[in-house]
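Beneath this line is the structure, given in structure tokens, with notes to follow.
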Amino acid sequence: MTESRISRRSLFAAAAALGLAPPALAQPARVWPNGARAAVSLTYDDALNSQLDNAVPELDRLGLKATFFLTEDNAHWRLADWEALARDGHEVANHTVTHPCALSGYSAERFEHSEIDRMEGYLDDHFGADRARTFAYPCGYLGIGRGGRHERFARYRRVLQRDSVVAARTTAGGPNRPAEVVADPLYLHGFEPTFEGDGVGPAIRYLHETVAKGGWAILVFHDVLPKWHADGDASVATHNKILAQITALDLWCAPMGQVFDYVESRPRWSCIPPPSPCRISASPWSRRRSSDPPRSPSGWSPGRQRRITP
Ligand SMILES: [Zn+2]
């Protein structure tokens, strides 16, 4: 029997009979801080009260730092709490002023002035002007104005190509590969684990795929409520189980901007694991494309956003 015909099972059996450790399987290189197998960022959109009340206590208990994509419309109701959260080491980032989902009626100039410049000014005033920030596309919608999909997204990219925006997160796609992150920082994949129901299964599968690929998971949350209410929400129980899973896996958990800085600062990323080609492969996480129309009522709409009360 030639070596090439020896099955993996027979190798395991032989190793066990000899009292040896099983042969090592191919693993992605450990390129993340502290030798972690993969990275994960927890992101919370829309400056919702339930995040302050129900998600942050569990993050703090576990010592995890997250990214909060704020809109001015919502953040101002509890601005002191968001400021305290930022002082505690969480990242606050730009999710526009009013969270517009339908952008076909906007010019790039109007969107840039009314939603991006103004929100950056708000964040500078209340959270410090000494840093570039990450951005999350409201509703995961990737186009401004009219025209074809690529034309509209190119218009959006031009608005975001500024020193104050380092990276932008969508709401679709699988685990991020570092080489792709460096190549296209305005198209980071995000995954909303409770988009289709209040279960931990999708999050666990996504995290395990990320570990297997040695990549970067970006989880997206909206409301975190005592009881699940609608698609996109997470119950406190499910949210906390997902966080527990993160602490149980060999992951580096850090805010989006911090992970991006780490990726960008590395001199050279190869695709992980080699020799996989550097391309976006089809995966179950790609079912929902960022270019889908605004989701309602399961997704985001200005009406839902404004249900917050002071
Ligand atoms: Zn949003």
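Any read-out appearing in this document is the output of simple, stated calculations on the displayed coordinates, not a laboratory observation. Quick caveat, the model's predicted, so the values are computed rather than measured. Don't worry about glycine lacking a Cβ; one is built from the backbone with ideal geometry, like all the others, and counts go over all protein chains shown.
Overview of results
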quantity	calculated
Sorted by Cβ neighbour density within 10 Å, fewest at the top, the residues W82, W228	W228, W82
Burial order of peptide ranges 161-169, 254-262, 55-63 (average beta-carbon count within 10 Å, highest first)	254-262, 161-169, 55-63
For region 63-269, share of DSSP beta bridges that run antiparallel, in % to the nearest 5	5
Along each principal axis, Cα extent of region 63-269, largest first, Å	45, 41, 33
Backbone N within region 36-53 under 12 Å of label point (7 Å from D81 Cα along the Cβ vector)	47-53
